[in-house]
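**Q** Once you've had a glance at the structure underneath, I'll fire off some questions.
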Amino acid sequence: MRIIVDTDKCEGHNRCYSLAPDLIDVDDYGYASAIGDGNVPPELADAARLAVDNCPEYAISIEE
Amino acid sequence: MTDTSDGLDFAAATTEPVEDWATDYDIFDPDYIADPFPIWDDLRGGCPVAHTDRWQGSWLPTKYDDVVALARMVPELSSTDPIVVKPPSDDTADANAYSTVNAPPISSDPPVHTWSRRLILPAFSPKATEAHEPFTRQLCQDLIAQFIDRGEVDAAGEYAQQIPPRVIAHLLGVDPERADDFVEWVNGVLGAGLSRPEVRTHYRGKIREFFMAEIADRKANPKDDLISELLAAEIDGEPVPDLHVAGTCNLLLVAGIDTTWSSIGAALWHLATHSDDRQLLVDDPSKLDNAIEELLRAYAPVTMARVVQEQTEFQGVTFEPGDKILMNFPGANRDPEAFENADVVDLERQRNRHVAFGVGIHRCAGSNLARLEMQVAIGEFLKAIPEFHLAEGANVTWAGGQVRGPRKLPIVF
């Protein structure tokens with residue numbers, strides 16, 4: 001599983017960062033990006049799904 | 001009621017009764033302020049984009065998808081005039097005070113919006129915001145210590161309303177002892193001032209005067225605070241104009257105070273009237289952060305306005321240039337097409353794309369700070385006062401129009 005952030009859609013709500021801080025980082029302006037290559041270990045799959053389901057900009061997706 | 005040091009009338013606007021909400025709604029109607037939810041539900045089913053001629057005219061979308069689409073409609077909808085009720089066009093005091101300053105970036109369109117937003121975002125990033133947590137926690141504990149022995153408190157006036165002015169003062173680097181003044185000024189702009197432009201103009205002037213003096217002081221004696229940072233910033237090699245800095249400080253003061261105390265107050269109102277939810281958070285404080293998101297969804301306080309720039313067809317209605325469109329994020333958050341059991345406040349809701357902080361380029365820049373204040377304010381309150389409820393016969397009063405929240409919330413414990 002991979003988590004992907006569409007940086008064009010991100011407006012810096014930081015919901016993903018608070019729900020999945022091991023998968024997502026934010027820059028000094030609060031805009032999000034996936035950590036590393038976005039690989040989601042099985043124990044963080046729920047956190048990844050929460051990040052997707054709480055982004056008001058629909059900027060986060062998961063590739064199974 | 002005249003209750004300000006400047007003797008201005010802060011009474012609620014008087015309104016004619018509303019008979020048809022689809023064609024003649026009134027955002028200052030007492031029923032709308034107290035309980036807008038059934039009104040939005042009715043409109044969604046029949047006339048999802050309502051219209052009124054009242055208060056200089058506006059449109060009110062009520063569905064999530066519509067509100068989100070309209071919020072993203074830039075540049076067709078402009079943010080240059082986010083307050084619904086304008087001062088009379090001959091009011092040159094207001095025009096002079098704010099035509100050039102206003103409150104960037106909330107009152108700006110691109111390209112000014114883009115650089116003026118980037119200017120303040122670093123001060124409100126998640127990491128920068130965390131630095132204000134110890135101050136906020138100590139403040140909440142000190143406030144609670146002042147009333148905990150009494151067994152009763154006005155949780156809006158004596159608690160919720162006291163927190164954001166001091167946090168913002170701390171962040172800006174201005175005297176937190178002026179908090180009572182800030183409360184009066186902000187009430188003058190976003191409380192009574194929403195429907196009384198002459199009151200708003202007066203207090204905007206006071207705020208500008210205050211910040212121009214602070215700016216002059218920082219130029220002589222730079223400090224480690226946000227005002228000094230804004231003055232040191234450069235845009236295309238030029239310093240940011242003083243009036244712009246004053247406008248941004250005005251925004252941080254006004255938008256950072258009224259909105260957040262409304263959210264803290266509404267959250268406390270919910271917990272005072274829903275003992276199961278209160279107990280849930282007392283038993284397991286780790287559920288608090290998620291619960292705050294649901295309380296933000298259910299009681300989102302803010303409805304800013306946009307101005308139509310060119311004739312636009314939208315969902316069967318025609319917006320004309322100059323029309324105001326209300327960004328009804330609170331109504332969007334209650335749309336059953338976007339949220340399962342939208343009218344049920346479920347503090348354990350997992351899927352919650354609420355738009356309490358807006359969407360698109362005007363997403364609330366201070367959302368991380370607002371969340372921090374809510375989490376700390378509610379968390380500390382529950383820790384010190386795990387059992388509380390509304391006082392018997394309590395006269396809870398709400399403010400509303402464009403920022404909704406309780407202004408009097410008598411509780412006992």
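The values are calculated or read from the model by the stated rules, or taken from the named source; none is laboratory data. What you see is a predicted model; the values in this text were computed from it and never measured. So basically every Cβ, Gly included, is an ideal-geometry build from the backbone, and we count neighbours across all protein chains shown. Only protein heavy atoms, including side chains, enter the accessible area calculation; ligands, DNA and RNA are left aside. Shrake-Rupley method; radii C 1.70, N 1.55, O 1.52, S 1.80 Å.
**Q** Springs between alpha-carbon pairs under 10 angstrom, Gaussian network model over chain B: which of B:239, B:301, B:104 fluctuates most?
**A** Most flexible of the set in this elastic network: B:239.
**Q** Sticking with this one: For the protein assembly as shown, what does -39500 (n - 2.57) per DSSP helix run (n ≥ 4), summed and divided by total residues, give at 222 nm, in deg cm²/dmol to the nearest 500?
**A** After summing the helix terms and dividing by the residues of the protein assembly as shown, the value is -12500 deg cm²/dmol.
**Q** Another question about this same structure. What are the residues whose amide H is under 5 Å from the amide H of residue A:24, where those residues sit 5 or more places off or on another chain and H is modelled from the backbone?
**A** Counting only residues 5 or more places away or on other chains, the set is A:35.
**Q** Here's another thing I want to ask about it. Could you work out the Rg to Rh ratio of the range B:323-367, with Rh taken as the Kirkwood radius (inverse of the mean 1/r over all Cα pairs)?
**A** Checking Rg against Rh, the ratio lands at 1.01.
**Q** Rounded to the nearest 0.05, what FRET efficiency do residue B:177 and residue B:383 give with R0 = 22 Å and r taken as the Cβ-Cβ distance? Could you check?
**A** 0.25
**Q** For the pair residue B:76 and residue A:4, how long in nm is the line joining their label points, each one 7 Å along Cα→Cβ?
**A** 2.8 nm
**Q** Moving on to the next point. About the Cα centre, and with charges only on the beta carbon of Lys, Arg (+1) and Asp, Glu (-1), how big is the dipole of chain B? Nearest 20 debye, please.
**A** Using only the charged Cβ atoms, the result is roughly 920 debye.
**Q** Turning to a different aspect of this structure: Over the range B:255-387, give the accessible area per residue in Å² for a 1.4 Å probe, as an integer.
**A** With all protein chains present, the range B:255-387 gives 33 Å² per residue.
**Q** Among B:254-263, B:317-326, how do they line up by average Cβ neighbours within 10 Å per residue, starting with the highest?
**A** Per-residue Cβ counts within 10 Å, averaged per peptide and sorted highest first, yield B:254-263, B:317-326.
**Q** Could you check which residue among B:237, B:191, B:205 shows the biggest mean-square fluctuation in a GNM of chain B with a 10 Å Cα cutoff?
**A** Judging by the Gaussian network model, the answer is B:237.
**Q** Sort the range B:372-413 into rounded, prolate or oblate with this rule: let a ≥ b ≥ c be the square roots of the eigenvalues of the Cα gyration tensor; rounded if a/c is under 1.5, and if a/c is not under 1.5, prolate when a/b is larger than b/c, oblate otherwise.
**A** Oblate, since a/c reaches 1.5 and b/c is not below a/b.
**Q** What do you get for GluC sites (Glu not before Pro) in the range B:373-413 restricted to DSSP loop and a cutoff of at most 14 other Cβ within 10 Å of the site's Cβ?
**A** Here the GluC sites (Glu not before Pro) that fit, given the DSSP loop and packing criteria, are B:387, B:392.
**Q** Taking the Cα centroid of the range B:224-256 and of the range B:108-159, what is the distance between the two, rounded to the nearest whole Å?
**A** 19 Å
**Q** If you put +1 on each Lys and Arg Cβ and -1 on each Asp and Glu Cβ, how big is the dipole of the range A:2-63 around its Cα centre, in Debye rounded to 20?
**A** So the dipole magnitude of the range A:2-63 works out to roughly 160 debye.
**Q** Taking each pair of distinct Cα atoms in the protein assembly as shown once, what is the resulting Kirkwood hydrodynamic radius in Å?
**A** For the protein assembly as shown, inverting the mean 1/r across all distinct Cα pairs yields 22.9 Å.
**Q** Quick one: pull the percentage of alpha-carbon pairs in the range B:107-203 with a separation above 15 Å.
**A** Summing the P(r) of the range B:107-203 above 15 Å gives 72 percent of all pairs.
**Q** Let me ask another. Considering only B:216, B:227, B:362, whose Cα is most displaced toward the positive end of the charge dipole of the protein assembly as shown, charges sitting on Cβ of Lys, Arg (+1) and Asp, Glu (-1)?
**A** Ranked along the dipole, the leading option is B:216.
**Q** Near the amide H of residue B:78, under 5 Å away, which other amide H atoms are found, from residues 5 or more places off or on another chain, if H is placed in the peptide plane?
**A** Correct list: B:307, B:308, B:309.
**Q** Right, something else. Report the relative contact order of the range B:261-360, percent, no decimals, based on alpha-carbon pairs under 8 angstrom and at least 6 residues apart.
**A** The value is 30 percent.
**Q** Mind checking which aspartates and glutamates have their Cα closer than 15 Å to the Cα of residue B:219? Skip sequence neighbours fewer than 8 apart in that chain.
**A** Within the straight-line cut-off, residue B:219 pairs with B:229, B:234, B:242.
**Q** To continue, here is another question. Would you please give the FRET efficiency between residue B:141 and residue B:282, computed as 1/(1 + (r/R0)^6) with r the Cβ-Cβ distance and R0 = 22 Å, to the nearest 0.05?
**A** 0.80
**Q** Given a cut-off of under 8 Å on Cα pairs at least six residues apart, what relative contact order in percent is computed for the range B:299-348?
**A** 33 percent
**Q** Right, here's the next one. Can you pull out the trypsin sites (Lys or Arg not before Pro) in the range B:102-192 whose DSSP state is coil and whose Cβ has at most 13 other Cβ atoms within 10 Å?
**A** Here the trypsin sites (Lys or Arg not before Pro) that fit, given the DSSP loop and packing criteria, are B:150.
**Q** At 27 Å minimum axial length over the Cα atoms and a Kyte-Doolittle cut of 0.5, report the qualifying DSSP H helices in chain B, or say none.
**A** TM-like helix candidates: B:242-273.
**Q** Which one of B:160, B:123, B:332 has the biggest mean-square fluctuation once chain B is modelled by GNM with Cα springs under 10 Å?
**A** In the Gaussian network model the winner is B:123.
**Q** Quick one: Cα centre-to-centre distance for the range A:1-47 and the range B:262-321, in angstrom?
**A** Distance between centres, Cα-based: 24 Å.
**Q** What do you get for Rg/Rh of chain A when both radii come from the Cα atoms and Rh is the Kirkwood radius?
**A** 0.91
**Q** Please list log₁₀ I(q)/I(0) at q = 0.07, 0.09, 0.11 Å⁻¹ for the range B:21-412, using the Debye equation with identical point scatterers on the alpha-carbon positions.
**A** -0.30, -0.51, -0.78
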